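Asker: Quick one: the structure is below, questions incoming.
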Amino acid sequence: MTQDITPEIQDQLNLSALILKKNHKHADLTSWSGFDLENDMQVKQAKRLLNLYGIKSGLHLRNSLQRYESGQMVSHKFEKLALEFRMSTTTDFDAKYNAEENPSTKGIYKMVWKYRFSLKKEKLIGYEMAYYIFQMRLGHVLGFIDTDEMILRLEEAHDTVKSTFSSWGDFHRNVCLGDEYVLGTTEQDMSKFPGTETLWECYQRLHIEHADWFKTWKK
């Protein structure tokens, strides 16, 4: 039997709302998964998304969740490069940046250089925990995880996020920066809203459509 979603649980699920909306425009943010389990097309979409992450079983899901939870997905790599850049001069960085031929890697260098000090504590934990909850919601669609386990994991994820960030704005900004890091893209172009579907644009829409949800940062 599926448990009711309490206001506390909804607040925890909302930590993945931005990523969910980017990947599923018609997501029902007030449901456990965001997908209509009676709609074959939506179930297929969830399965396709899970396949993109190499998740085809409950074991695959839990392995992936562990990697996001422990910082193995991006935070460790970000932290290592940020530490290197904190020891570099501007001249050192410019030489490394100009010697790199891969555009995506250059984008990563530029992003890490800019935030090498300001994200020293947070790293990209917000991004990882948003994906952690998003993948749980996807896994629920295919029965890889039940609501009882989700509740336990959501509480842990919520505690991690709320002890790291001080507002919804800080958290969602970290989620967007994590996406920027992973994609190797440069700064968001605010002039293109509503333009192409970047995570920054999804972020703006989310705060317009669900403004009340993202005002109070509940500890």
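The values are calculated or read from the model by the stated rules, or taken from the named source; none is laboratory data. Because the structure is a prediction, the values reported are computed rather than measured. Reconstructed Cβ throughout: ideal geometry from the backbone, glycine too, with neighbour counts over all protein chains shown. For accessibility, only protein heavy atoms count, side chains too; no ligands or nucleic acids. Shrake-Rupley method; radii C 1.70, N 1.55, O 1.52, S 1.80 Å.
Asker: Once label points are set 7 Å from the Cα along Cα→Cβ at both Trp213 and Gln3, what is their separation, rounded to one decimal in nm?
Answerer: 1.9 nm
Asker: Which residues' amide hydrogens lie under 5 Å from the amide hydrogen of Phe35, considering only partners 5 or more residues apart or on another chain, with H built in the peptide plane?
Answerer: It is Asp28, by chain and number.
Asker: Turning to a different aspect of this structure: Quick one: compute the contact order of the chain, relative version, from alpha carbon pairs under 8 angstrom and 6+ residues apart, as a percent. Let's see the in-between values first.
Answerer: On the way: 226 pairs, mean separation 65.7, N = 219.
Across the chain, relative contact order equals 30 percent.
Asker: Could I ask something else about it? Enumerate by residue number the chymotrypsin sites (Phe, Trp or Tyr not before Pro) in the stretch 82-149 meeting two conditions: DSSP loop (anything except H, G, I, E, B), and at most 15 other Cβ atoms within 10 Å of the site's Cβ. Don't skip to the end; give the middle numbers.
Answerer: Values: sites: Phe85, Phe93, Tyr97, Tyr109, Trp113, Tyr115, Phe117, Tyr127, Tyr131, Tyr132, Phe134, Phe144; in loops: Tyr115, Phe117, Phe144.
In loop regions of the stretch 82-149 (DSSP not H, G, I, E or B), the sparsely surrounded chymotrypsin sites (Phe, Trp or Tyr not before Pro) are Phe117.
Asker: With the full set of protein chains in place, find how many percent of the accessible area of the stretch 1-146 is carbon and sulfur; take the probe as 1.4 Å.
Answerer: Numbers: 3910 of 7550 Å².
Reported share for carbon and sulfur atoms: 52 percent.
Asker: Can you list the HN-Hα couplings for the stretch 29-37, worked out from phi with the Karplus curve (6.51, -1.76, 1.60; θ = phi - 60°), rounded to whole Hz and with x for Gly and Pro?
Answerer: Coupling constants for the stretch 29-37: 5, 8, 10, 4, 9, x, 10, 7, 5 Hz.
Asker: Exceeding 24 Å between C-alpha atoms, which entries from my cross-link table qualify? They are Lys56/Lys106; Lys80/Lys110; Lys44/Lys77; Lys47/Lys77. Before the final figure, lay out each step's value.
Answerer: Values: Lys56/Lys106 33 Å; Lys80/Lys110 15 Å; Lys44/Lys77 32 Å; Lys47/Lys77 28 Å.
Beyond 24 Å: Lys56/Lys106; Lys44/Lys77; Lys47/Lys77.
Asker: If you build the Cα gyration tensor of the chain and take the root of 5 times each eigenvalue, what three semi-axes come out, in whole angstrom, biggest first?
Answerer: Numbers: eigenvalues 190, 66, 63 Å².
Semi-axes (√(5λ), whole Å): 31, 18, 18.
Asker: His60 to Lys162: extension gain in nm, 0.36 nm per residue of separation minus the Cα-Cα distance?
Answerer: Details: separation 102, 0.36 × 102 = 36.72 nm, distance 2.70 nm.
Gain on stretching His60 to Lys162: 34.0 nm.
Asker: May I ask you to give the solvent-accessible area per residue for the stretch 7-205, in square angstrom, as obtained with a 1.4 angstrom probe? The partial results should precede the final answer.
Answerer: Details: 9610 Å² over 199 residues.
Accessible area per residue, the stretch 7-205: 48 Å².
Asker: In addition: Assuming R0 = 22 Å, what is the FRET efficiency of Lys44 and Glu149, from their Cβ-Cβ distance, to the nearest 0.05? Don't jump to the answer; show the numbers that get you there.
Answerer: Working: r = 24 Å, r/R0 = 1.08.
So, using R0 = 22 Å, E works out to roughly 0.40.
Asker: Gain in length, Asp36 to Leu83, computed as 0.36 nm per residue apart minus the alpha-carbon separation, to one decimal in nm?
Answerer: Details: separation 47, 0.36 × 47 = 16.92 nm, distance 4.38 nm.
Taking 0.36 nm per residue and subtracting the Cα distance, the gain is 12.5 nm.
Asker: Within straight cross-link reach of Lys218, meaning Cα distance under 18 Å, which lysines are found once same-chain residues fewer than 8 apart are removed?
Answerer: Partners within reach: Lys162.
Asker: Would you mind computing, in nm to one decimal, how far apart the modelled labels at Asp92 and Arg205 are, each placed 7 Å from Cα along Cα→Cβ?
Answerer: My value for the distance between the label points is 4.3 nm.
Asker: When the Cα centres of the stretch 137-174 and the stretch 75-135 are compared, how far apart do they sit, in Å?
Answerer: The stretch 137-174 and the stretch 75-135 have Cα centres separated by 24 Å.
Asker: Turning to a different aspect of this structure: Could you please put Val175, Val182 in sequence from largest to smallest accessible area, using a 1.4 Å probe? Write out the running numbers ahead of the final one.
Answerer: Working: Val175 0, Val182 70 Å².
Correct descending sequence by accessible area is Val182, Val175.
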